[in-house]
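One structure is given here, and the rest of the page talks about it.
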Amino acid sequence: MSHNAIESTLQENRTFPPRPASEFGFPKWHVDSLDEYKSLHARSVQDPEDFWRDEAKRLDWFRPFDSVLEWHSPDAKWFVGGTLNACYNCVDRHVQNGHGEEPAIIWEGEPLGPRTSHAAAGSNYAREPEVRVLSYRELQREVSRFGNVLKSLGVKKGDVVTIYMPMVPELAIAMLACARIGAAHSVIFGGFAPSAISERVMDAKCRVIVTADGGFRRGDVVKLQENVEEAINHLANHGHIVNHVVVLRRTGHVPPSQRFADGFHQGSTTWHWWQDQMARASEACPCAEMDSEDMLFLLYTSGSTGKPKGILHTTAGYLAFVQMTARLTFNLIPDSGQLFWCSADIGWVTGHSYVLYGILMNRIPTLMYEGAPNFPTLEGGKGDRFWDIIARHRVTHFYTAPTAIRTFMKWGDDLPARHDMSSLKVLGTVGEPINPEAWIWYHKVIGRERCPIVDTYWQTETGGHIGTPLPGAIPTKPGSCTLPMLGIDAAIVNEQGQELGPNQGGLFVIRKPWPGMLRGVYGNRERFISNYWGRVKDARTGQPCYFSADGARRDSDGYFWIQGRIDDVIKVSGHLLGTMEVESALVSHPAVAEAAVVGVPHEIKGNSICAFVTLRPHWLISHKREPDQSLKNELIAHVAHEVGALAKPDQIRFAEGLPKTRSGKIMRRLLRDVASGVEKITQDTTTLEDFSVVAKLRADEE
Ligand code: WT7
């Protein structure tokens, strides 16, 4: 749990009322008052079938559904008997309805072109970025072609396709192409390392991977193709064959003489170039008719134990939930000049739901940016690229993470002040609790004290927002995600499932099914049940509740204050990491005997990773090594290589032994206290920590 967040939220009681829709040029807010929200919410949880039947009418169906919900806890079937297609709902129907020429995706690459004498209008940069605009018609054409490419590689309805790409339009095209032909996508964030790729590919029994030669990030090239090659070799050693890899040429960093030729075979894998395949592909590709409950995608997320979990989302429920949450949370209105920018990578659920599906379904153009906020890099490593993008494109909705906001805050108020951000109307935050200081900064400096801030609480598993202010209806309090989304029956309960009174800390649960909920953990029924449904039963009904693994409280206004995870996962810069994933990476290094990883409060990242490590004396002796800074650096690099740079420990601390309870459980609470302790341990300390005394003293505590 992030302790600093709890402390600051406890003192926070400022309230910001909603402002009139007219101030933002909106005819009205979709939900216009607190009373309206309350009555809608009451109806949505008292008569969910009636409520969701209406919502589902906003989707285009090939065949209407027969019933709204079949619920055999914990298995939900939504919109039973209906058939539809996700790509049709995001793209084709807009073309059909005469909106084919409107922008769907507005993309900006990271690199800046050669210096020009005339900068782009409104830009403070002397060099122009690469910008591409894809209309719905163009998107439909590209997606159809790529659908045919996938089919030609043998991809069929129900198959899983792994996508490991930078933030380029082709990533969205690849996902929508999967949806179009009825394959499920499994997107892996481009920051993950080869072993993380192979783990996910193997778990999803994937035979086709779509990637790029590389992506641009902070002026560097991320070598995606090389990572895929390494993953494929690793998979081959484990008997898993990847049949086809499609590579988009983006960075061109591999010299032409060393590039493979389209159709090149290596082992049992055939390599293809995206561009060559697309040039040959036909534009006629019908949208597959999918059942409501057919799988739309898998998205892997970290758990407290074992390997990452493949969170399974199905078609109709996910679409219905995401189109509604996007529309209401951000007050989306087509034809009103809105431009939505969610800065999350599509490799996370935020990108799935609010870069792609939720935004396109509502026929709002979505902006994608390939790179880092500090490219070009200004003095002191700062950057103002985001503000430049907002100003140049006239972004109306900006959605980002608290960790980014804290970084911008540190970079200073003068950077945003250089740009005209008067186009902004609604600001969003997501991924971890936002500290009130950062909220207020966002409100004042970016929102000019006028844009509503929606602090959206949700998870990969929930598909979309489950707690958030609705901007025209719910007064906001800095640090609170306020009230439950329509259709979400949320409560704070104790271990016995009894609802707790105001300001009592407890477990965040959802007591009724909702359409966007996960339908399973891919290939692991047991984990699905034990992780989410096995812990809490509603004391009133005896029914299992969905438990989010977050601790939270509700204040006397019924507002939720999320305190953070109570399982062994850590939120680092808004990214979820299992302590176990980092520990396994550490112990796979021959120098390491044992490792324990804990989160330590960090002012920018929310939490940072501290790893306590015991070493193998024999290895040290035989390799003539010392427990010194160079070994620490080596271990940090090893974790980056095994999991990805996002998992790098900030601190490695060598210990004689790890403190354990009599039953052998590592005393994480003690380690957290030590790691965040007042006595500041300098980076290069090489003293071994001796936990034997404390461990004996506190052996019975946990
Ligand atoms: C965990 C889920 C939500 C999409 C991106 C992350 C934390 C998320 C908030 C928020 C407080 C938040 C929770 C949750 N979290 N949003 N607004 N306030 N905490 O998805 O990687 O599945 O992480 O993120 O701890 O359980 P995820």
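The values are calculated or read from the model by the stated rules, or taken from the named source; none is laboratory data. Quantities reported herein were computed from a predicted structural model and do not represent experimental measurements. Note: ideal-geometry Cβ built from the backbone for every residue, glycine included; neighbour counts use all protein chains shown.
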*Residue count for region 370-403, restricted to those that are surrounded by fewer than 20 Cβ atoms within 10 Å (Cβ to Cβ) and either within 16 Å of the ligand (Cβ to nearest atom) or among the basic types (Lys, Arg) (or both)*: 2
_Tell me the residue from Ser548, Ser573 that is within 13 Å of the ligand (Cβ to nearest atom), under 15 Å from Gly606 (Cβ atoms) and hydroxyl-bearing (Ser, Thr, Tyr), please._
Ser573
*When region 233-249 is examined, which residues are found to be closer than 20 Å to Leu153 by Cβ and either touching a Ser or Thr at 6+ places or on another chain (Cβ under 7 Å) or touching a residue at least 60 places away in the same chain (Cβ under 8 Å) (or both)?*
Leu235, Ile241, Val242, Asn243, His244, Val245, Val246, Val247, Leu248
*Checklist (1) surrounded by 24 or more Cβ atoms within 10 Å (Cβ to Cβ); (2) touching a Phe, Trp or Tyr at 6+ places or on another chain (Cβ under 6 Å) applied to Val454, failing item*: (2)
*asked:* Within region 616-664, take every residue that is crowded, with 18+ Cβ neighbours inside 10 Å and either more than 30 Å from Asp345 (Cβ to Cβ) or aromatic (Phe, Trp, Tyr) (or both) and give me the one that is farthest from the chain's Cα centre (by Cα).
replied: Pro627
*asked:* Just to be sure before I move on: is Leu507 surrounded by fewer than 24 Cβ atoms within 10 Å (Cβ to Cβ), within 12 Å of the ligand (Cβ to nearest atom) and either under 30 Å from Asp413 (Cβ atoms) or not β-branched (Val, Ile, Thr) (or both) in the structure I sent?
replied: yes
_Can you list residue pairs whose Cβ atoms sit under 6 Å apart, with the first residue in region 625-646 being assigned to a loop (DSSP other than H, G, I, E, B) and the second being surrounded by fewer than 18 Cβ atoms within 10 Å (Cβ to Cβ)? Count only pairs 6 or more apart in sequence or on different chains._
Pro627/Thr686; Asp628/Thr686
_Condition (residue is in contact with a helix residue (DSSP H, G or I) (Cβ under 9 Å, 6 or more places away or on another chain), within 21 Å of Asp567 (Cα to Cα) and more than 13 Å from the ligand (Cβ to nearest atom)) applied to region 479-487: is it met by at least one residue?_
no
*Limited to region 64-80, what total is found for residues that are in contact with a Pro (Cβ under 8 Å, 6 or more places away or on another chain) and touching a residue at least 24 places away in the same chain (Cβ under 8 Å)?*
7
_For region 513-528, which positions are surrounded by fewer than 16 Cβ atoms within 10 Å (Cβ to Cβ) and in contact (Cβ under 8 Å) with a residue 60 or more places away in the chain?_
Gly523
*Is there any pair with a first residue in region 537-555 that is in a loop (DSSP other than H, G, I, E, B) and a second that is acidic (Asp, Glu) and away from the ligand (no atom under 16 Å from the Cβ) whose Cβ atoms are under 6 Å apart and which are 6 or more apart or on different chains, and what are they?*
Cys545/Asp538
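Give me the residue from region 578-604 that is under 22 Å from Thr407 (Cβ atoms) and touching a Lys or Arg at 6+ places or on another chain (Cβ under 8 Å) and, out of that set, surrounded by the most Cβ atoms within 10 Å (Cβ to Cβ).
Gly599
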*Restricting attention to region 281-304, which residues are within 16 Å of the ligand (Cβ to nearest atom) and not aliphatic (A, V, I, L, M)?*
Phe297, Tyr300, Thr301, Ser302, Gly303, Ser304
_If a residue counts only when it is modelled with pLDDT under 95, which helices (runs of 4 or more DSSP H) contained entirely in region 1-67 have at least 2 such residues?_
3-10
*Matching option when the condition is touching a residue at least 12 places away in the same chain (Cβ under 8 Å), within 23 Å of the chain's Cα centre (by Cα), outside any loop (DSSP other than H, G, I, E, B) and closer than 18 Å to His641 by Cβ, among Glu199, Glu230*: Glu199
*What are the pairs, 6+ residues apart or on separate chains, where a residue within region 657-678 that is closer than 23 Å to Leu615 by Cβ has its Cβ under 7 Å from a residue that is among the polar types (S, T, N, Q) and assigned to a loop (DSSP other than H, G, I, E, B)?*
Met667/Thr661
*Taking only region 488-504 into account, find how many residues are more than 24 Å from Ile570 (Cα to Cα) and within 15 Å of the ligand (Cβ to nearest atom).*
1
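Counting just the residues of region 404-430 that are of a type in the set (Val, Ile, Thr) and over 13 Å from Ser480 (Cα atoms), which one comes out farthest from the ligand (Cβ to nearest atom)?
Taking region 404-430 first, the residues of a type in the set (Val, Ile, Thr) are 405, 407, 426, 429-430.
Checking which are over 13 Å from Ser480 (Cα atoms) leaves us with 405, 407, 426.
Details: Ile405: 12, Thr407: 17, Val426: 15 Å.
Here the residue is Thr407.
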*For residues that are among the small types (Gly, Ala, Ser) and in a loop (DSSP other than H, G, I, E, B), scanning just region 202-217, find the one that is surrounded by the most Cβ atoms within 10 Å (Cβ to Cβ).*
Gly214
_Looking at Val426, Val430, Val395, Val445, can you tell me which residue is farther than 28 Å from Thr462 by Cα and either β-branched (Val, Ile, Thr) or free of Cβ contacts under 8 Å to residues at least 24 places away in the same chain (or both)?_
Val445
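Against the condition touching a strand residue (DSSP E or B) at 6+ places or on another chain (Cβ under 8 Å) and in a loop (DSSP other than H, G, I, E, B), how does Thr251 come out, does it pass? Give the derivation first.
On the way: touching a strand residue (DSSP E or B) at 6+ places or on another chain (Cβ under 8 Å): yes; in a loop (DSSP other than H, G, I, E, B): yes.
Spelling it out, Thr251 is indeed touching a strand residue (DSSP E or B) at 6+ places or on another chain (Cβ under 8 Å) and in a loop (DSSP other than H, G, I, E, B).
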_Residues within region 431-472 that are farther than 19 Å from His30 by Cβ, of a type in the set (Val, Ile, Thr) and either in contact with a helix residue (DSSP H, G or I) (Cβ under 8 Å, 6 or more places away or on another chain) or within 11 Å of the ligand (Cβ to nearest atom) (or both), tallied_ = 5
*Taking Tyr318 as the residue in question, decide whether it is buried (at least 16 other Cβ atoms within 10 Å of the Cβ), touching a residue at least 24 places away in the same chain (Cβ under 8 Å) and assigned to a strand (DSSP E or B).*
no
*Could you say whether any residue in region 586-604 is part of a helix (DSSP H, G or I), more than 16 Å from the ligand (Cβ to nearest atom) and either among the aromatic types (Phe, Trp, Tyr) or on the phi < 0 side of the Ramachandran plot (or both)?*
yes
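Looking at Thr350, Thr329 in this structure, which one is closer than 29 Å to Asp159 by Cα, hydroxyl-bearing (Ser, Thr, Tyr) and part of a helix (DSSP H, G or I)?
Thr350
Any idea which residue in region 134-178 is surrounded by the fewest Cβ atoms within 10 Å (Cβ to Cβ), counting only those that are polar (S, T, N, Q) and assigned to a helix (DSSP H, G or I)?
Looking at residues that are polar (S, T, N, Q) and assigned to a helix (DSSP H, G or I), I get Ser152.
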*Pairs under 6 Å by beta carbon, first residue closer than 21 Å to Cys90 by Cα in region 276-292, partner part of a strand (DSSP E or B), six or more apart or different chains?*
Glu289/Thr83; Asp291/Thr83; Ser292/Phe79
*Quick one: in region 68-101, of everything that is assigned to a strand (DSSP E or B) and among the β-branched types (Val, Ile, Thr), which residue is surrounded by the fewest Cβ atoms within 10 Å (Cβ to Cβ)?*
Val80
